[in-house]
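Please treat every number below as a calculation from the coordinates, not as lab data. Everything quoted here is computed from the prediction, not taken from an experiment. Note that each Cβ is placed from the backbone with ideal geometry, even for glycine, and that neighbours are counted across all protein chains shown.
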Amino acid sequence: MTTETTETTATPGALVFPDGFVWGAATAAYQIEGAAAEDGRAPSIWDTFSKTPGNVTDGHTGDVACDHYHRYADDVRLMADLGLAAYRFSVAWPRVMPTGAGTVNAAGLGFYDRLVDELLAHGITPYVTLYHWDLPQTLEDAGGWAARDTAARFADYAAVVHGRLGDRVRTWTTLNEPWVAAFLGYCSGVHAPGRRDPAAAFRAAHHLLLGHGLAARALRAAGAAEIALTLNLSPVIQTDGGESEARIVDGLLNRQFLDPALRGSYPEDLLEIVARHGGLGHIQDGDLEAIHQPIDLLGVNYYNPTFVSAGPGEPAAPPFPGSEDVRFDPPPGATTAMGWPIDPSGLESLLVRLSRDYPEVGLIITENGAAFDDKPTGDAVHDDDRVAFLDGHLRAAHAAIAAGADLRGYLVWSLLDNFEWAYGYHKRFGIVYIDYETQRRVPKDSALWYREVVRRNGL
Ligand code: FCB
């Protein structure tokens, strides 16, 4: 793509995105819905984990969250007021199939049915994610993602949800961030289910990929128009001039998922690490074929690059088994309230790399955003730091398109402040502020700014 098609001369310095570029916002079920025990929903691993003391700051849970389950119509109106064209949400597996398999809970499916209708009535395109980390607890009790059977159960569940929503939903994302689910969930243990077993984490990663492939196949057979997989991707930058440590971490974080899903093979350097942690016996004949389904979109969740250098004698970082002798460097510059480096250039290089290395798949940014310590002033929230963050990342996205990346949309994380996993409600990523005492929604300055971006299709 040349810059001529993406830039305008009408307003000096203005950046216009390609026609049809999709603008929206994203959320996830456990982070916003609340109503944890209503209408037949059973516990997920996040209910169990958040209720176990010590796991989440101040013992916060998703029991109430943003009460979106009851306030979804207000929230859709809010999205419409912001002019959003698309809304990415996730379906809670334990609402739809409380024990993860077998019995379907019609009342749980009914919620998503109403949500989709409400979105469409407001001209907002629904983007469904089938798994954003809330595994039914019953399936965890049977081994969770470390057990192969969970992959097959996931495909069954995908078909059930498609059966109810497939007449109105075009775009289906199987998984959100399988690296996080596997390595924070089963290795470092800072996410549900809180296990600390590297071999189980590598098995979980493989079974998540297999679940993706089986679900993608089922969705395609059922007539799904667009199928996607969302990964958390991070350019790994080696700060000491070397390359081998960056390659190890890139294999674990990025290529472990990209290569099987988009090329049908695991990287050799990654397999060496997996072999040292419990062996390769869980990778069965035919699995890579099953994982390598044609998909239409790769969902990119980008927050920051990862900085590493050689660190002889360093133990492996908890979520990176195999990263012995690698030093994870502190962020070099400004950070968000998460302590994450602010680096839009990482987004540009990532998108360009993806379109170069995996040219057959379209790209959509399914998450990008930042937590800051927002404080309301009267009826407003002046979050200039978030506006600057988003502006910088949109400029980077635009530059990536000009450099040839096949980027088709941008979904900001997040529509609402919400339950930020192990940090509870302390970290605010929303463009809309939530007063958790009253459940009042206050669009932050970033929301009003984003409305203009959407209206102009650019900056
Ligand atoms: C991503 C998650 C999302 C949110 C953001 C900040 O890893 O997918 O749910 O927590 O980080």
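Going by a ≥ b ≥ c, the root eigenvalues of the Cα gyration tensor, does the chain fall in the rounded group (a/c under 1.5), the prolate group (a/b larger than b/c) or the oblate group?
Numbers: a/c = 1.31, a/b = 1.07, b/c = 1.22.
Rounded is the answer for the chain, as its axis ratio a/c remains below 1.5.
Hey, can you grab everything whose amide H is under 5 Å from the amide H of residue 127? Only 5+ residues off in sequence or another chain; H modelled, so Pro and N-termini drop out.
87, 88, 89
I need the shape label for region 134-256. Rule: rounded when a/c is under 1.5, else prolate if a/b > b/c, else oblate, with a, b, c from the alpha carbon gyration tensor.
oblate
Radius of gyration and Dmax for region 357-424's Cα atoms, expressed in Å?
Cα-based Rg and Dmax for region 357-424 come out at 15.2, 49 Å.
Based on other C-beta atoms within 10 Å, arrange 427, 51, 444, 375 from fewest to most. Display every interim value, and only then the final one.
Details: 427 20, 51 15, 444 24, 375 10.
The fewest-first ordering by Cβ neighbours comes to 375, 51, 427, 444.
Taking region 224-268, which GluC sites (Glu not before Pro) meet the DSSP loop condition and have no more than 15 other C-beta atoms within 10 Å? Mind showing how you got there, number by number?
Details: sites: 226, 243, 245, 268; in loops: 243.
Passing sites in region 224-268 are 243.
Can you give me the C-alpha center-to-center distance between region 36-93 and region 250-265, rounded to a whole angstrom?
30
Arrange the following residues from fewest to most other Cβ atoms within 10 Å of their Cβ: 296, 156, 74, 383.
Going from least to most buried by this count: 74, 156, 296, 383.
Peptides 449-459, 208-218: what's the order by average Cβ count within 10 Å, highest mean first? Spell out each step's value before the answer.
Numbers: 449-459: 17.5, 208-218: 25.5.
Put in order of decreasing packing, that is 208-218, 449-459.
Under the definition of Cα pairs under 8 Å and six or more residues apart, what whole-number percent is the relative contact order of region 354-459? Mind dumping the intermediate values first?
Working: 150 pairs, mean separation 31.9, N = 106.
Value for region 354-459: 30 percent.
Non-local amide H neighbours of residue 22 (under 5 Å, H modeled in plane, Pro and chain starts lacking H): which ones?
It is 409, 410, by chain and number.
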